Amino acid sequence: MCGIVGAVAERNVVEILLEGLKRLEYRGYDSAGVALLSADGTYNRVRRTGKVQALADAITPENGVGSTGIAHTRWATHGGVTENNAHPHYSTNRISVVHNGIIENFQELRADLVHKGYEISTDTDTETIAHTVHSLLDEHASLLSAVQAAVKKFEGAYGTVIMDQHDPSRVIVARSGSPLVIGLGLGENFIASDQMALLPVTRRFMFLEEGDVAEITRREVTVFDKNGQPVEREIIESNVEHDAGDKGQYRHYMLKEIHEQPSVVRNALAGRVNAEGITKGIFGENADELLASVKHVQIIACGTSYHAGMTARYWLEQYANVSCNVEIASEFRYRKSVVHPNSLLVTISQSGETADTLAALRLAQESGYMSSLTICNVAGSSLVRESDMAFMTKAGAEIGVASTKAFTTQLTAFLLLTLAIGEHNGLSAEDKEDILAGLQSLPAKLEETLLLTDGIEALAEEFADKHHSLFLGRGEQYPIAMEGALKLKEISYIHAEAYASGELKHGPLALIDDEMPVIVVAPNNELLEKLKSNVEEVRARGGIMYVFADKDAQFASDDTMRVISVPHCHASIAPIIYTIPLQLLSYYVALIKGTDVDQPRNLAKSVTVE
């Protein structure tokens, strides 16, 4: 959600800024802008609504020159999608600002600024940052000290970069609740909201902590903590790969990432599991001893990651014999909860920067949990740095906003965690053998399931004129049905709801008619006969069903039911396998609908605001 790129160099930085913005497009945005300062103080600002390419097309040899610059992709929160509301914002043609997050007390700040004579020209909360900093310049000896004073006035979340037209030699950055990373070069330095933006110019990064303010010049980076004291932050050499520039043979990143799932799951398992069990230490130093004491697991996540946690609850209670609660992070952080004895807190996030999940972690760390573990895809992210233990999913860069391979690697991680905890809580030899066999077969089974692509593409034609749909699942397939519904609504804009199949008779049956597609996930497990009864309830009311069923489940297609045979698999990995056809269905329906598959409207990849 929103993206920041900045640079202080001797060369012209406009191409660095534009390339950085392009690498952050996957985060979701609706406008983009850049502000540039030359050594002689010449200032240029260009902003456009729409894609970064529109901004790039508006930059000319005359307005695209500067050795210091800041750039931004905006996802509208305060104020509509207009060029005037696009970042960077400025104050009196001197102070320029880009900002991720929300200044919650901006109305109060705005009233005070108007009283002081400042003219408010946008609908945004960000403009108050620029004016507040400017208003403090006369009272402080430097831009740095003015910013340090200004941030004490801000309530809410911000990752912000401030540039002064009177001093092109430096920028000031501040972080509170919204991530910022400094990229270190030779005679030049950079800032971004995501290290992905800076990979073409550096591999050396410094991650700012909560409350940090930093001064960045060509040759020096000085960081101050929330108390204004100079601090050293660790410099990390990144080995992150970025393949956003290459969709290969695929039309969209989402389709590419769906088809990458066998290889990324193989990567997630490599060196971590074998026929005898899991490798020691895969959850972190001293993790094995700690996991042996776990008697309860509290999972906190949002969106797709929440569905992964919901699935994990079934595994942890069935196989590992520990109780488990799963809660949406935005709810957990605003209610009083009871901490069970010997509780492990588990957070899940693709980006590691999800604002609600990160805030929930910080709250929980003060509540008496024995330890915290994050399951994450981004090394060096806030969740990874602030958790006691971390399991990296190794899914690689996921560019499509609708998560696919991140989800299946999260599920894979939870099966490994189930084994690790279950070893000390009565995991049966039979269940252990089943899970290990399932994990070892998983990449090949995913490849086999992807062979369903052509049939699902043809099936998607039947959704072209639909506006609503229901997804049904039982047991651990219920969260998979929830994930399938989320994918369909995210990228095709078809309203979709998921229900535990047994809930049909408690309300949703009222919606059933021949205009309401009903999608059913039906592995061959102990709940199959119950599920078949639910299917008959839909059939009796004229519903049209699409059943993804185990080839041995004895479903047959007819006028009211389309059956797609899914490869037989171990019960433990069935939720992962049945995710694939639902992802493919949502993709091909969106293709028919003509939506923006990789960047669906109103959505962002990394949600860094409440």
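Values in this text are rule-based calculations from the coordinates and carry no lab data. Given the structure is predicted, the values throughout are model-derived calculations rather than measurements. Cβ placement follows ideal geometry from the backbone for every residue including glycine, while neighbour counts extend to all protein chains displayed.
Can you tell me, using C-alpha contacts under 8 Å and at least 6 residues apart, the relative contact order of the chain as a whole percent? Normalised by residue count, the contact order of the chain is 12 percent. Looking at (i) 81, 73, 40; (ii) 77, 55, 43; (iii) 67, 56, 54, which value of Cα extents along the principal axes in Å comes from a calculation on the structure shown? Matching the structure shown: (ii). The listed peptides 257-269, 187-199, ordered by packing as a protection proxy, come out as 187-199, 257-269 (highest mean of other Cβ atoms within 10 Å first). The trypsin sites (Lys or Arg not before Pro) of segment 329-426 meeting both criteria, a DSSP state outside H, G, I, E and B (loop) and at most 11 other C-beta atoms within 10 angstrom of the site's C-beta, are 335, 336. To the nearest ten degrees, helix 477-492 and the longest principal axis of the Cα atoms of the chain are 50 degrees apart. Using a cut-off of 10 Å between beta-carbons, work out the net charge of the residues near residue 304 (Lys and Arg +1, Asp and Glu -1, residue 304 not included). Result for the local shell: -1. Name the shape class, rounded, prolate or oblate, that the alpha-carbon gyration tensor gives for segment 298-438, where a ≥ b ≥ c are the square roots of its eigenvalues, rounded holds for a/c under 1.5, and otherwise prolate holds if a/b is larger than b/c and oblate otherwise. Cα axes put segment 298-438 in the oblate bin.
Figure the gain on full extension for residue 239 and residue 139 (residue separation times 0.36 nm, minus the Cα-Cα span) and round it to one decimal in nm.
Working: separation 100, 0.36 × 100 = 36.00 nm, distance 4.36 nm.
Result: 31.6 nm gained on full extension.
For the pair residue 60 and residue 292, label points projected 7 Å from Cα toward Cβ lie 7.2 nm apart.
Against the main long axis of the alpha-carbon atoms of the chain, helix 106-115 sits at an angle near 20°.
Dipole magnitude for segment 405-517: about 380 debye, using +1 per Lys or Arg Cβ and -1 per Asp or Glu Cβ, origin at the Cα centre. Spin-label model, residue 506 to residue 336: label points 7 Å out along the Cα-to-beta-carbon direction sit 2.8 nm apart.
With both bridge residues required to lie in segment 255-347, what share of the DSSP beta bridges run antiparallel, to the nearest 5%? If I count the DSSP bridges inside segment 255-347, around 10 percent turn out antiparallel. Please work out whether segment 162-231 counts as rounded, prolate or oblate from its C-alpha gyration tensor, where a ≥ b ≥ c are the square roots of the eigenvalues and a/c under 1.5 means rounded, while otherwise a/b larger than b/c means prolate and anything else oblate? Oblate. Ranking 177, 162, 150 by Cα position along the charge dipole of segment 123-188, where only Lys, Arg, Asp and Glu carry charges on their C-beta atoms, puts 177 farthest toward the positive end.
Rounded to the nearest 500, what is the 222 nm mean residue ellipticity of the chain from helices alone, with -39500 (n - 2.57) per DSSP H run of 4+ residues and division by all residues?
On the way: 18 runs with 197 residues, N = 610.
My calculation for the chain gives -10000 deg cm²/dmol from helical runs alone.
Taking 0.36 nm per residue of sequence separation and removing the Cα-Cα distance, the residue 93/residue 251 pair yields an extension gain of 52.6 nm.
For the residue pairs 336/394; 405/593; 153/336, the C-alpha atoms sit more than 32 angstrom apart in 336/394. Could you give the angle, 0 to 90 degrees to the nearest 10, between helix 405-422's Cα long axis and the longest principal axis of the Cα atoms of the chain? Long axis of 405-422 versus the principal axis of the chain: about 70 degrees. Please list, by residue number, everything in segment 47-79 whose backbone N is under 17 Å from a paramagnetic label point 7 Å out along Cα→Cβ of residue 114. Zone members listed by number: 79.
By its C-alpha gyration tensor, with a ≥ b ≥ c as the square roots of the eigenvalues, how is segment 1-134 shaped: rounded for a/c under 1.5, else prolate for a/b larger than b/c, else oblate? Note, shape of segment 1-134 comes out oblate. With both labels modelled 7 Å from their Cα along Cα-to-Cβ, the residue 539 to residue 227 distance reads 7.1 nm.
With a cut-off of 16 Å on the backbone N, the residues of segment 285-300 near the modelled label site 7 Å out from residue 317 along Cα-Cβ are 295-300.
Counting 0.36 nm for each residue step from residue 104 to residue 458 and taking away their Cα separation leaves a gain of 122.6 nm.
In the chain, what percentage of the DSSP-assigned beta bridges are antiparallel, given to the nearest 5? Of those bridges, close to 60 percent are antiparallel. With a Förster radius of 51 Å applied to the beta-carbon distance between residue 81 and residue 429, the computed FRET efficiency rounds to 0.30.
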